[in-house]
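Structure record follows, encoded as C-alpha cells.
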Amino acid sequence: MAEAIVSFVLQRVGDFTTQEAKFLSGVSHQVEVSQTELQLMQRFLKDADARQGEDARVQIWVSKIRDAAYDLEDVIETYGLKVASKKKTGMKNVLKRFAFIFKERVDLRKIGAEIENITAKISNLRMSLQSYNIVRETREIGGASSLQSFERQQQLRRTYSHVIERDVVGIEDNVKEIVTHLVKEESCLRVVSIWGMGGAGKTTLAKQIYHHKEVRCHFNSFAWVCISQQYQVRDVWEGILIKLISATKEQREEIAKMRDYEIAKKLFRVQQGKRCLVVLDDIWSIETFNSLKAAFPLTCEETQSRILLTTRNEAVALYADRNGFLHQPQALDENKSWELFEKIALFGRVDKDSGVYIKMKELGMEMLRHCAGLPLAITVLAGVLARKNTVNEWITVHANVYVYIRRGIGPEEEYAGASWVLALSYDDLPYHLKPCLLYLGHFPEDFEIPVKRLTQLWMAEGLVSLTQGQGLGEAMEDIAYHCLSELMIRCVVQVGETGSIGTIKTCRIHDLVRDLCLSKAEEENFLQVVNSSQRNEAISPFSSSMVTKAAPLGKVRRLAIYLNENAGKLVPSRYEKDDHLRSLLYFGLKEWRRQCKRLILTMFKDFKLLRVLKVEGMNREAELPSEIGNMVHLRFLSLRGSNIKRIPASLGNLICLQTLDLRVEDSWLFIPNVIWKMKHIRHLYLPFFHRLRVSGLAVTGSTEQVTQIVSSCRRIYKLKLEGPTAELPRELHCFPNLTKLTLRRFFLEDDQMGIIEKLPNLTTLRLEQNTFNEDAKILVFSRGGFPHLQFLSLFHMFEVKEWRVVEGAMPSLRRLSIKYCNGLTTIVDGLRYLTTLRELSIEGMSSTFQSKLKAGGEDFHKIQHVTSLVFG
C-alpha cells in the first residue's frame, strides 16, 4: 500500500504548501525537490507492493519509503503550522519580534536541512533499486517464485463447470427463482447476475443452475468460462465459441486462423441462431464486461440466448443489462450454517446421542459465530475439523478459529483457507480505497460503524480529498460517502441502518474482512490494535496466538485501544513515547474505572503530531490541560460522554480542527470563546448545558450564543439548533456545505423562513415543536426556495394553522413527513406541483385530515402522483 501512502502524502503536502505558501517560502525549493523525488518513486511502488510477501528486501525497502514519505509530511506540516500560529498571534514588543525573526531564520535552516536529508534518503532508496537488482524484478513482477505464486493464485481462482460441490445447503429456492428467469420465453432479459462478497457462494449457485434439469432442457448449447485477471479477450471468445458449437479438430484450426473481429462476429451469430447459455464467472469490472460484450447479442429482438454472470461488484451487475435480473446470495442462518457444517465436519461419524457429539456441537456452534453465515468460511472451518477426531483437537481449533479459517488445511488440498479469496477483493481495490478499507479495522468486532463518524475520521486522516471528486462543488463529505458506497458496491463493506432519504447511517464488515483488514494493516504498519487482557495485565498488541509475527517494520502511525475494567494501563509501554503517532482511538473507555488524569496529561505531552483523538466516555472527572493547545495538527477531537467540566482557552490554537465533539455528560461545561478561530471546522457538537466564557465572564449557554458560534463556522455540514432566539444568523445562506438542518423550540418570526429557504445545498430540513412563534400562523414556501431539498419533516408544529407551497418551491423534494401538526386541517394545495414527491407519511393527524387524502377524498387529487402514502 506504499503507492497509496506516497500518493496521499504528495496530495497533502501539495495542498498544505498551496494553502500555507507564505509560511514555507524559505524552504519552497527543498519542498519541490522532495516532491519530485516522491513522484519519481511512484512508478515503482505498485509492483513493489505486490511483491512484499515474497521478497524480504522489497518489504524492507517499501517500509523505508513509507516512513520517509511520512517524515516529510510531518516536517513540512509541523514547521508550517508553527510559523503560521506565531505570526497570527502578533508581537508588539520590539525585542521579542527581533528574537522571533532570529529564531525563525535558525528554524528555517534547520527545517531546510531536515527536508534535504529526507529527500536524500528517498533518492538513495530509488537508486538502490538498481543496486539490488529490484528494478528488473519489480517490472517483471518478480522472478520464478513470484511467477509461480501468481500462477498458483490463478489456479485457485479458476472454476470448472463439471466440478459440482457435493455439500450444498439453503439455496434451493434461489436456484428455482433464477432458473425461472433464465428460461422465460417472452422477456427482454439477456443477463442474469449473481453478485456478492467473496465466499458468498456465487459460483456454487451458478453451477447448480447450470446443471439444473429445466435449464438443460431449455437451452441447446452451453459454455462456462472463468475470467482470470490476466485474461485475453480473444482467448475468452475462442473458448466460448468452441464449446457452443462443439468444434471438431478442423473447426478449431479454422477458428485459430480467424481475426479477432471474425471470431466475435461468428460467436454473435451462433448465439442468435441457437439457445445458448454462457456463464461468465468472476467478472471484476465494467471494463472487463465491455471488452467482451461485442460478441454477445444483448438486445430484445436478437436472441433467445442468455448470459449468467457472477461478480463481486454490484456496479457490473447493474451495468450488464438494464432489464436483467440481479440476485445477491444472503448469509446462511444459524440452522443452515450448522447443517452445512455438520455435513462436512461430522458426516455421520459420531453418534448424535454421545457426549462427544454434544461437546463438538457446542464448540462448533461457537466457532460458526465467527463465520457469520459465509459459506466459504463455514466450508473451510468444517474441512479443518473433518480431520480432527477428538474433542481436545476441536478445542485447539476453537482457541485459534480465525487462523484456521484463514489458512484452512492448505492451498494444495480440498479445503484451502478463506484468506486468499477475500484478499483478492482487497487487491482489486483502487489504491485510494485500500486505506479506507483498512481503516475499518479500528472498530471492534460486530461493531455498527456510524457512517458520519467514519467519514469524519477519513477526512481528518487525509484519506479522502477534493481531487477524488466527480464534479465541481462536491463537498468532502460527499466524496467520503462515495468512497464508502464504492466499498459497498464491491461487497467488502455491508450496509447497516439506513436513514429517512435512503442514506446509509451505519455500516459493518464481516468478521473475516475485519481479520483481513487487521492482518494487512499490521503488515503495512498502517494500524495497530491493542486489546486489554482478561486479567489485570498490561495490554498487548493484536495478534493471533498461533502466529508468531515479527515486530512491524517502521513507525506506528495509528493506534486503536480496546479497554475493559481489568485493563492495567491505558497506553502500552512501547507506544508511550511514540512521537510519530497520528491517530489514537479508544473504545470501551466507559468501562475503565481508573483515574484518567495521567492519561490526559500523557496524550497532550507526548503525542503532539496527532490528527485524530477519540477519548469518549471517560466517567471519572477529568480536566483538559492547557497543553492541548500544542496539538496543532488535530483535525478530529471527540470527548463525547466524558466527565469534563472545563475547556482551556488554548483550544483556540487548534486551527486545523474539522470535527469537534464536546457533548460531555449532563453537566455544565465552560467553553472559552475561541471556536471562531477554527476556520476549518465542519462538524461542531456542543452540549445542551454550557457556558460561554467571554472576556472573563461566564455567559449561560443561550441559543443566541450558540448562533454566534455558528456564524463563525461556515464550513459546517449538519446543524441542529434548539432553544428560543430572536433570529437566525443572516449569513446562513453563505454556508455552502450545510445540507441538513434541524430547528426546535426556536419561536422564530415568520420572515425567518426567507433565510432558511435560500440555503443553496440543503437536502434535509426538520422543523419541530414551536420552530415559529404563535403569531406566525402561516408557513409559506416561496418560488425558487429550497432548490435541492429532498426530505422535509414537520413535527409538532402546533403554531402553524396554514401552509402554502408556491409553484416552483422545493423542485427536488422526494419525501415529506407530517406528524402531530394539529393546526393544519387540510393538506397544502401546492403539493400537486411537487412532481418529484415519492413518499408522504402522515401520523398523529385528525381522522378528517387523513380521510381527505384517501382515494375519493376531496384532497386526493393533490397527492395522487405520490407513489407511497403511509398513515401512522
Flag if SER533 is modelled with pLDDT of 85 or more and hydroxyl-bearing (Ser, Thr, Tyr): no
Failed condition for LYS265, given (1) under 30 Å from LEU422 (Cβ atoms); (2) basic (Lys, Arg); (3) open to solvent by 20 Å² or more (accessible area, probe 1.4 Å), with all others met? (1)
Filter the range 741-776 for residues that are of a type outside the set (S, T, N, Q), farther than 16 Å from ILE716 by Cβ, open to solvent by less than 10 Å² (accessible area, probe 1.4 Å) and part of a helix (DSSP H, G or I) and give the result. MET753
Here are the criteria: (1) surrounded by fewer than 19 Cβ atoms within 10 Å (Cβ to Cβ); (2) within 20 Å of GLU749 (Cα to Cα). Tell me which single one GLY808 does not satisfy. (2)
Could you please find all residues in the range 298-320 being over 26 Å from the mean Cα position of the chain (by Cα) and surrounded by fewer than 21 Cβ atoms within 10 Å (Cβ to Cβ)? LEU298, THR299, CYS300, GLU301, GLU302, THR303, GLN304
Residue count, the range 361-382 (criterion: of a type outside the set (Asp, Glu), surrounded by fewer than 21 Cβ atoms within 10 Å (Cβ to Cβ) and at negative phi): 5
Quick one: GLN304 ticks every box in (1) polar (S, T, N, Q); (2) out of contact with any helix residue (DSSP H, G or I) (no Cβ under 8 Å at 6 or more places or on another chain); (3) under 25 Å from ILE489 (Cα atoms); (4) in a loop (DSSP other than H, G, I, E, B) except a single one, so which number is it? (3)
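Within the range 795-812, identify whether any single residue is assigned to a strand (DSSP E or B), within 24 Å of ALA475 (Cβ to Cβ), under 35 Å from the mean Cα position of the chain (by Cα) and in contact (Cβ under 8 Å) with a residue 40 or more places away in the chain, and answer yes or no.
First, the residues of the range 795-812 that are assigned to a strand (DSSP E or B): 795, 802-805.
Those left that are additionally within 24 Å of ALA475 (Cβ to Cβ): none.
Within the range 795-812, none of the residues are assigned to a strand (DSSP E or B), within 24 Å of ALA475 (Cβ to Cβ), under 35 Å from the mean Cα position of the chain (by Cα) and in contact (Cβ under 8 Å) with a residue 40 or more places away in the chain.
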Could you please let me know if TRP237 is surrounded by 13 or more Cβ atoms within 10 Å (Cβ to Cβ), at pLDDT 90 or above and closer than 18 Å to ALA294 by Cα? yes
Counting only residues that are within 28 Å of the chain's Cα centre (by Cα) and among the hydroxyl-bearing types (Ser, Thr, Tyr), which one in the range 386-407 is nearest to LEU368 (Cα to Cα)? TYR402
Note: among SER63, SER34, SER28, just one is modelled with pLDDT of 75 or more, closer than 19 Å to GLY462 by Cβ and polar (S, T, N, Q), namely SER34
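GLU253 - would you say it is open to solvent by 70 Å² or more (accessible area, probe 1.4 Å) and either part of a helix (DSSP H, G or I) or not hydrophobic (A, V, I, L, M, F, W, C) (or both)? Steps first, answer last, please.
On the way: open to solvent by 70 Å² or more (accessible area, probe 1.4 Å): yes; either part of a helix (DSSP H, G or I) or not hydrophobic (A, V, I, L, M, F, W, C) (or both): yes.
Against the criterion (open to solvent by 70 Å² or more (accessible area, probe 1.4 Å) and either part of a helix (DSSP H, G or I) or not hydrophobic (A, V, I, L, M, F, W, C) (or both)), GLU253 qualifies.
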Which pairs do you get when a residue that is of a type in the set (Gly, Ala, Ser), found in the range 819-838, comes within reach of a residue that is open to solvent by less than 40 Å² (accessible area, probe 1.4 Å) and at pLDDT 90 or above, reach meaning Cβ atoms under 6 angstrom, with the pair 6+ apart or on two chains? GLY830/VAL805
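The values are calculated or read from the model by the stated rules, or taken from the named source; none is laboratory data. Since we're looking at a predicted model, the values are computed, not measured. Heads up, the Cβs are rebuilt from the backbone with ideal geometry, glycines too, and the neighbour counts pull from every protein chain shown. These area figures cover heavy atoms from the full protein model, side chains too; ligands, DNA and RNA do not enter into them. Shrake-Rupley method; radii C 1.70, N 1.55, O 1.52, S 1.80 Å.
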